[in-house]
Amino acid sequence: MIQLQDVSKIYQMGQVTVEALKGVSVTVEKGDFVAIMGPSGSGKSTMMNIIGCLDRPSKGMYKINGTNVEKLSDNQLAELRNKEIGFVFQQFHLLPRISLAQNVELPLIYAGVSSKERHHRAQEALELVGLSDRAHHKSNEISGGQRQRAAIARALINKPSIILADEPTGNLDTKTGEMIMSLLIDLNNLGNTIVLVTHDPEIAAYAKRVVRLRDGLINSDEVNPVPRVVGGGE
Amino acid sequence: MLIIDIIRVALKSLAGNRLRSFLSMLGIIIGVAAVIAVVAISSGAEQQILDSLNNLGTNMITISHGMTRGTGGRISQSTTDLFTYEMADQIKALCPDLNNIAPYVDGSGLLVYNDTNVQGRVRATTPEFFEMVDLDLAQGRMFSEADLEESRLVVILGSEVATDLFGETNPIGQEIKITRGNYKFSLNVIGVFESKGQVMFTNYDSQVFLPVTTWMNRLQSIKYVNGFSAQARSNEVAEIAVAQVEYFFYQRYKDLDKVNVTSQTEMLSMASDFANTFKILLGGIASIALLVGGIGIMNITLVSVTERTREIGIRKALGAKRRVILFQFLIESCTVSLFGGLLGLGFGTVVAMLVSHLGGWPFQVTAFSVAIAMGFSMMIGLFFGIYPASRAARLDPVDALSYE
Ligand SMILES: Nc1ncnc2c1ncn2[C@@H]1O[C@H](COP(=O)(O)OP(=O)(O)OP(=O)(O)O)[C@@H](O)[C@H]1O
Ligand SMILES: [Mg+2]
């Protein structure tokens with residue numbers, strides 16, 4: 001469960017201060033699927049970074065699964081990210097020098113899982129996203145959609161409770177984007193909480209709930225009565 | 001994350017940039033090679049010097065004229081009339097820790113046999129001298145009591161002189177002429193020494209030897225000898241023996257500066273001092289090379305950190321703790337410097353082998369110097385890796401992820 005209460009984020013740039021978030025309160029229950037929308041610069045990524053424990057609020061309180069992050073050290077935050085959160089980025093963020101399987105294994109390395117189990121689980125995760133035949137390729141040898149699928153395999157390998165995706169389809173064409181969304185919907189159906197940032201209403205339509213940001217504030221927060229189903233778009 | 005995984009990642013990133021890794025290793029390679037070569041060469045040279053000195057006879061003590069002071073550059077007459085032939089026995093009687101002593105006079109003259117002549121360096125001394133320096137006869141006989149008492153005109157040749165003058169002819173019993181100024185003396189060859197080769201600055205093979213009395217009474221007509229070669233009973237009492245000899249002369253001349261008494265132990269330590277100075281000097285150069293190497297390592301690691309800022313962000317997002325990132329780059333810098341150290345070890349060994357071969361002394365690369373060199377490069381990797389690695393570890397994950 002994600003609880004943001006009056007969360008503000010202030011960036012100090014020399015003399016200029018930018019208030020990227022101006023007191024945001026949102027609660028996301030376990031198993032929810034939330035799309036965050038809003039114009040560029042409205043604070044979507046800032047909010048995602050805080051939810052993902054990559055950054056801390058300047059003001060306000062953030063609790064993840066009941067734990068207040070304010071009291072946690074950097075190392076404890078790293079551990080939390082490792083165990084509870086899976087990231088999917090717009091730029092895929094796979095490491096170029098190592099194979100897909102090795103990329104997918106990374107969270108398990110930091111979790112201290114034995115290499116035998118890592119190989120096994122990486123293979124499983126790649127199978128789940130339909131990339132088991134590409135396990136030993138490097139990221140520059142595969143397409144964008146395949147890269148994002150590998151990234152999803154990496155995000156889910158340590159069985160996190162929350163998957164955060166900042167514009168996961170931003171660099172992909174519509175068809176490939178749909179494939180990625182269907183993977184995320186599958187994960188949501190398995191009980192994962194999903195928070196997704198998108199500009200695209202078509203993509204947001206898959207979510208169960210849509211939160212709109214404007215100038216660092218929540219503009220609207222609506223439940224989507226009928227989430228879109230993959231393949232039934234028209 | 002296991003250390004072995006970190007090492008694997010570090011090696012992989014090094015292998016990905018082979019040329020760059022090599023170039024940044026260059027300083028370490030040169031530094032370690034210098035350390036290995038310097039230690040090997042100088043201890044080899046030192047060993048050779050020590051061996052040579054021992055080859056000149058063990059526990060030797062040299063008694064010679066001291067330097068006179070304060071006489072305005074004029075060499076005082078008093079310095080050349082200190083030592084008499086008879087003193088040898090007196091010194092031996094009064095210095096219980098001396099084993100043996102021999103007076104000597106050094107001179108030179110033109111040696112002629114038939115049509116052949118060589119300029120010969122002459123040492124006139126007593127049979128004790130040859131015992132002390134282990135110079136053995138290849139043929140013929142030693143000076144007899146009668147030779148010395150009667151100042152007989154006999155000579156023993158160094159091996160080189162013998163071949164130069166006589167070639168294949170047997171020199172024993174032959175007469176050679178020695179020219180000193182306007183006078184010519186005929187000497188009867190009674191023996192030839194075995195070859196000993198060049199030892200330090202001394203080569204007995206190219207000298208000829210006369211009874212000291214013959215030189216003093218017939219060839220030069222002098223009352224005094226140049227000095228004495230003596231031998232202490234053992235290495236332990238060498239310094240005591242020196243003191244005894246000094247006391248003997250102090251009683252006579254009341255001036256310690258007139259007589260120079262040097263033991264071989266002192267010469268050995270002079271040789272060691274020389275080798276140590278050499279080591280310190282080149283060790284300094286090696287340290288500078290290692291320092292430069294360390295800066296090279298720091299530079300490559302900084303470049304690597306900057307280049308991989310995004311990677312660091314990704315790893316952090318996936319749960320890598322600071323310590324893991326720190327280790328990753330430290331291990332990387334240590335791997336570079338250790339690898340450089342290994343290359344330097346190989347390179348330095350080859351250089352040391354070549355130089356030792358040319359210098360003709362024993363080749364010595366000890367486990368100790370290898371351990372020192374490898375330990376050093378490891379430490380340099382650690383020391384110069386800490387700054388870049390901790391910079392990497394402290395990176396903010398959000399900033400790192402958005403780094404272009
Ligand atoms: N590290 C930073 N330092 C200073 N200002 C920042 C920083 N990160 C974000 N901002 C500012 O905070 C505001 C919100 O940025 P954010 O990245 O959250 O927007 P966004 O909604 O994700 O936009 P986009 O849709 O373009 O990704 C912007 O005005 C941005 O310039
Ligand atoms: Mg953004």
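Which pairs do you get when a residue that is closer than 16 Å to residue B:402 by Cα, found in segment A:40-56, comes within reach of a residue that is within 9 Å of ligand 2 (Cβ to nearest atom) and of a type in the set (D, E, K, R), reach meaning Cβ atoms under 7 angstrom, with the pair 6+ apart or on two chains?
Qualifying pairs under 7 Å: A:45/A:166; A:48/A:166.
Starting from segment A:193-218, take each residue that is in contact (Cβ under 8 Å) with a residue 12 or more places away in the chain and list its partners that are away from ligand 2 (no atom under 16 Å from the Cβ) and aromatic (Phe, Trp, Tyr), counting only C-beta distances under 8 angstrom and pairs at least six apart or across chains.
A:193/A:33; A:194/A:33; A:196/A:33; A:206/A:33; A:207/A:33; A:208/A:33; A:209/A:33
Quick one: how many residues across segment B:295-314 are surrounded by fewer than 17 Cβ atoms within 10 Å (Cβ to Cβ), among the hydrophobic types (A, V, I, L, M, F, W, C) and more than 45 Å from the chain's Cα centre (by Cα)?
Count: 0.
Could you list, in sequence order, all residues of segment B:254-269 that are surrounded by 13 or more Cβ atoms within 10 Å (Cβ to Cβ) and at pLDDT 75 or above?
Result: B:255, B:256, B:258, B:259, B:260, B:261, B:262, B:263, B:264.
May I ask you to list the residues in segment B:81-116 that are within 30 Å of residue B:170 (Cβ to Cβ), within 35 Å of the chain's Cα centre (by Cα) and among the hydroxyl-bearing types (Ser, Thr, Tyr)? Full working, then the answer.
Going residue by residue through segment B:81-116, those that are within 30 Å of residue B:170 (Cβ to Cβ) are B:102, B:104-116.
Now restrict to residues that are within 35 Å of the chain's Cα centre (by Cα): B:102, B:104-111.
Within segment B:81-116, B:104, B:108 qualify.
Could you grab me the full set of residues in segment A:139-170 that are of a type in the set (Val, Ile, Thr), more than 16 Å from ligand 1 (Cβ to nearest atom) and in contact with a Ser or Thr (Cβ under 9 Å, 6 or more places away or on another chain)?
Scanning segment A:139-170 gives A:162, A:163.
Across segment A:110-144, what is the total count of residues that are within 20 Å of the chain's Cα centre (by Cα) and under 20 Å from residue B:4 (Cα atoms)?
3
Among the residues of segment B:265-317, write down those that are within 14 Å of chain A (Cβ to nearest Cβ) and part of a helix (DSSP H, G or I).
B:304, B:307, B:309, B:310, B:311, B:312, B:313, B:314, B:315, B:316, B:317
Name every residue in segment A:131-140 that is surrounded by fewer than 16 Cβ atoms within 10 Å (Cβ to Cβ) and closer than 16 Å to residue A:168 by Cβ, in order of residue number.
Step one: of segment A:131-140, the residues surrounded by fewer than 16 Cβ atoms within 10 Å (Cβ to Cβ) are A:133, A:136-137, A:140.
Once the filter is applied, which keeps residues that are surrounded by fewer than 16 Cβ atoms within 10 Å (Cβ to Cβ) and closer than 16 Å to residue A:168 by Cβ, segment A:131-140 yields nothing.
Restricting to segment A:141-199, and then to whatever is small (Gly, Ala, Ser) and surrounded by fewer than 24 Cβ atoms within 10 Å (Cβ to Cβ), can you tell me which residue is farthest from ligand 2 (Cβ to nearest atom)?
My answer is A:191.
Mind listing whichever residues of segment A:200-220 are more than 15 Å from ligand 2 (Cβ to nearest atom), within 22 Å of residue A:52 (Cα to Cα) and surrounded by 14 or more Cβ atoms within 10 Å (Cβ to Cβ)?
Within segment A:200-220, A:206, A:207, A:208, A:209, A:210, A:217, A:218 meet the criteria.
Tally up the residues in segment A:199-234 that are closer than 15 Å to residue A:184 by Cα and within 16 Å of ligand 1 (Cβ to nearest atom), please.
Here the count works out to 2.
Determine, yes or no, whether residue A:92 is within 16 Å of ligand 2 (Cβ to nearest atom), on the phi > 0 side of the Ramachandran plot and in contact with a helix residue (DSSP H, G or I) (Cβ under 9 Å, 6 or more places away or on another chain).
yes
Report yes if residue A:173 is away from every other protein chain (no Cβ under 14 Å), within 16 Å of ligand 1 (Cβ to nearest atom) and of a type in the set (Asp, Glu), otherwise no.
no
Among the numbered criteria (1) within 25 Å of residue B:14 (Cα to Cα); (2) surrounded by fewer than 16 Cβ atoms within 10 Å (Cβ to Cβ), which single criterion is violated by residue B:362?
(1)
Quick test for you: out of A:88, A:28, A:69, A:24, pick the one residue that is under 30 Å from residue A:202 (Cα atoms) and more than 16 Å from ligand 1 (Cβ to nearest atom).
So the residue among A:88, A:28, A:69, A:24 that is under 30 Å from residue A:202 (Cα atoms) and more than 16 Å from ligand 1 (Cβ to nearest atom) is A:28.
Would you tally the residues in segment A:32-76 being touching a Ser or Thr at 6+ places or on another chain (Cβ under 8 Å), of a type in the set (Asp, Glu) and away from chain B (no Cβ under 14 Å)?
Within segment A:32-76, residues that are touching a Ser or Thr at 6+ places or on another chain (Cβ under 8 Å), of a type in the set (Asp, Glu) and away from chain B (no Cβ under 14 Å) number 1.
Out of all the residues in segment A:95-123, which are more than 9 Å from chain B (Cβ to nearest Cβ), surrounded by fewer than 23 Cβ atoms within 10 Å (Cβ to Cβ) and touching a Ser or Thr at 6+ places or on another chain (Cβ under 9 Å)?
Result: A:99, A:123.
Of everything in segment A:9-50, what is of a type in the set (S, T, N, Q) and within 15 Å of ligand 2 (Cβ to nearest atom)? Give them in sequence order. If you could, list the steps in order and put the result at the bottom.
Initial filter on segment A:9-50 (of a type in the set (S, T, N, Q)): A:12, A:15, A:17, A:25, A:27, A:40, A:42, A:45-46, A:49.
Answer for segment A:9-50, where residues must be of a type in the set (S, T, N, Q) and within 15 Å of ligand 2 (Cβ to nearest atom): A:40, A:42, A:45, A:46, A:49.
Got a sec? Which strands (runs of 3 or more DSSP E) wholly within segment B:165-251 have at least 2 residues that are of a type in the set (Lys, Arg) and assigned by TED's automatic domain parsing to the domain that holds residue B:88?
Working: elements: B:175-180, B:183-193, B:207-211, B:227-232.
Counting at least 2 such residues, we get B:175-180.
Taking the conditions exactly as written (in contact (Cβ under 8 Å) with a residue 40 or more places away in the chain and not hydroxyl-bearing (Ser, Thr, Tyr)), does residue B:119 satisfy them or not? Break it down stepwise before answering.
Numbers: in contact (Cβ under 8 Å) with a residue 40 or more places away in the chain: no; not hydroxyl-bearing (Ser, Thr, Tyr): yes.
Considered against the rule, which asks whether it is in contact (Cβ under 8 Å) with a residue 40 or more places away in the chain and not hydroxyl-bearing (Ser, Thr, Tyr), residue B:119 comes out as no.
Quick one: which of A:29, A:79, A:84 is within 8 Å of another protein chain (Cβ to nearest Cβ) and closer than 30 Å to residue A:128 by Cβ?
A:79
Mind listing whichever residues of segment A:45-89 are hydrophobic (A, V, I, L, M, F, W, C) and on the phi > 0 side of the Ramachandran plot?
Correct list: A:53 only.
The values are calculated or read from the model by the stated rules, or taken from the named source; none is laboratory data. These numbers were taken from a predicted model, which means no experiment stands behind them. Reconstructed Cβ throughout: ideal geometry from the backbone, glycine too, with neighbour counts over all protein chains shown.
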